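Structure first, then comments.
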Amino acid sequence: MKLTRNGKLAVAVATAITLSITSVANAKGTTLNVGGASSVASVIGQCKTAYSAANDGDSFSYASTGSGQGLKDMETGKNDFSFSDSPHVKSQSGSPIPANEIHVPTFVFPIGVLYKDFLGGKKLALSTSTVAGIFAGKITMWNDPAIVKDNTKSYTVQVFKKDKKGKPLKDKKGKPILAGTKQVTQSLKLPEKMITVIYRGDSSGTTGNFLAALGQMDKPNWPTADIGGNTKIFSSSDAKGAINLNPIAFQAANGSEGVTQLAAKTDYSITYSEVNYAKLNKLGIASIINKNGDLVQPDDAAVAAQVASADISANGVVTQNYLNPAPGVYPFTVVTYALALTKYKEDAKTSAVKSAIEWHAFNCPQTSPDAGFIKIEKTSPLGMKIASQLAKIGS
């Protein structure tokens, strides 16, 4: 059959209309309301495209409001699910916690002790007691004897086996496999300069976890630190007196982005945040001297070693021993929870929430391997707990 020019045009238009109608008819995807912990905002943003492609076009715009606000938004029904760096055990808004809310441990990452580099790229070493003293306002100068001692001695570094991509090899329980040890010597000249502490001014799960660790590591200076991570506002903690006494040496900013950006602008500053923000703001990452006396960086292997021995309750809450004596562990390690409901009004939303949490738990860290979040093995105790909690959604 021979078509005239007008005939060809008519066929083309009809085909375009048909394709348009088919595209609309086949369009999939549920849009969710999600927000909370600022700690995971960066990695979620990096995984956004891959997540949507793998889940039939499901999507959400992440509101990086902090864990405290994320908890409030679950209580008021604003969010379909929230991420929080600490368990939801107390109402933040005055409204009750939803009766069918569950905790799904989803992300694992280290809190880095970050500082404005004043060492020409050399790595600062800090013991856990020294970190606790700095943030309590008891150690105020960079040439304090405690910091000098940390940086003029030899340490053992645990070396873990790695695959061809440089990632740590782990056993079925998610524990990294030790290859051996090496010795390193710290020899740094430290300046006679005041330390400026940059802390989170907003309600923060990162703060809650950091203070929980300090409470175990240094009870005399952190006597009221809540092991459950419920003290989410730094200025209301045991450091309150130091903040009031010397507000120049303690400065606040909101969100992980805020504290790291302020630290980058402030000479001789120190802060606590997720390690991926260190690279974004050209901050140094301190090596930590753990309970075993090892010098450790907040990397995948050290974080996996720490969380592998943590206790996991029936409701999904992970309790860590920040004084873990095991070799090579990084003590300032955080588990971020997805707070979700077991049932939503729409079946499509129930399914979308379940798929979103599962994908971010097991796929997002691999999609964005340099974001600072560790891969969770499905065969590990944490991986199996994730699966059992997800099974409650829609059941």
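The values are calculated or read from the model by the stated rules, or taken from the named source; none is laboratory data. Small disclaimer: the values here were computed from a predicted structure and weren't measured. Every residue, glycine as well, gets a Cβ built from its backbone with ideal geometry; the counts of neighbours run over all protein chains shown. Side chains included, ligands, DNA and RNA excluded: accessible areas come from the protein's heavy atoms. Shrake-Rupley method; radii C 1.70, N 1.55, O 1.52, S 1.80 Å.
Once you have a ≥ b ≥ c as the square roots of the Cα gyration tensor eigenvalues for the range 263-342, tell me rounded if a/c is under 1.5, and otherwise prolate or oblate according to whether a/b is larger than b/c.
oblate
Cross-linked pairs Lys349/Lys378; Lys165/Lys265; Lys90/Lys219; Lys282/Lys354: Cα-Cα separations exceed 28 Å for Lys165/Lys265; Lys282/Lys354. In terms of the Cα gyration tensor, with a ≥ b ≥ c the square roots of its eigenvalues, is the range 137-243 rounded because a/c is under 1.5, prolate because a/b exceeds b/c, or oblate? Oblate, because a/c is 1.5 or more while a/b does not exceed b/c.
Compute the convex hull volume of the Cα atoms of the range 258-303, divide it by the residue count, and report the result per residue in Å³ as a whole number.
Looking at the range 258-303, the number lands at 81 Å³ per residue.
Taking the Cα centre of the chain as the origin and placing charges on Cβ (Lys, Arg +1; Asp, Glu -1), which of Asn55, Gln297, Gly255 is farthest toward the positive end of the dipole? Of the options given, the answer is Asn55. Among beta bridges from DSSP that stay inside the chain, the antiparallel ones total about 65%.
For the range 300-306, putting each phi into the Karplus relation 6.51 cos²θ - 1.76 cosθ + 1.60 with θ = phi - 60° gives couplings of 4, 5, 5, 6, 4, 4, 5 Hz, in residue order, rounded to whole numbers and with x for Gly and Pro. Under 5 Å from the amide H of Ser269 lie the amide H atoms of Lys116, Thr196, each residue being 5 or more positions distant or on a separate chain, with H modelled from the backbone and absent for Pro and chain starts. Equivalent ellipsoid of the range 210-310: semi-axes from √(5λ) of the C-alpha gyration tensor, largest first, are 23, 21, 12 Å.
Couplings 3J(HN,Hα) for the range 156-168, derived from phi with the Karplus relation 6.51 cos²θ - 1.76 cosθ + 1.60 (θ = phi - 60°), are 8, 10, 6, 10, 9, 5, 10, 8, 5, 8, x, 8, x Hz, where x marks Gly and Pro.
Pairwise Cα distances in the chain exceed 35 Å in 30 percent of cases. When Ser95, Ser38 are compared by accessible surface with a 1.4 Å probe, the order from highest to lowest is Ser95, Ser38. Are any of the pairs Lys279/Lys392; Lys116/Lys291; Lys240/Lys291 more than 31 Å apart by Cα-Cα distance, and if so, which? Check vs 31 Å cut-off fails for Lys279/Lys392. Using a Gaussian network model of the chain in which every pair of alpha carbons under 10 angstrom is joined by a spring, one finds that among Lys164, Lys175, Lys232 the greatest mean-square fluctuation is at Lys164. Surface composition of the chain: carbon and sulfur atoms hold 53% of the protein heavy-atom accessible area at a 1.4 Å probe.
Taken one residue at a time, the phi angles of the range 37-46 give Karplus couplings (6.51, -1.76, 1.60, θ = phi - 60°) of 3, 6, 4, 9, 4, 5, 5, 5, x, 5 Hz. Gly and Pro are set to x. For a straight C-alpha distance cut-off of 19 angstrom, the aspartates and glutamates reachable from Lys138 (same-chain residues fewer than eight places away being disregarded) are Asp150, Glu192, Asp218, Asp238.
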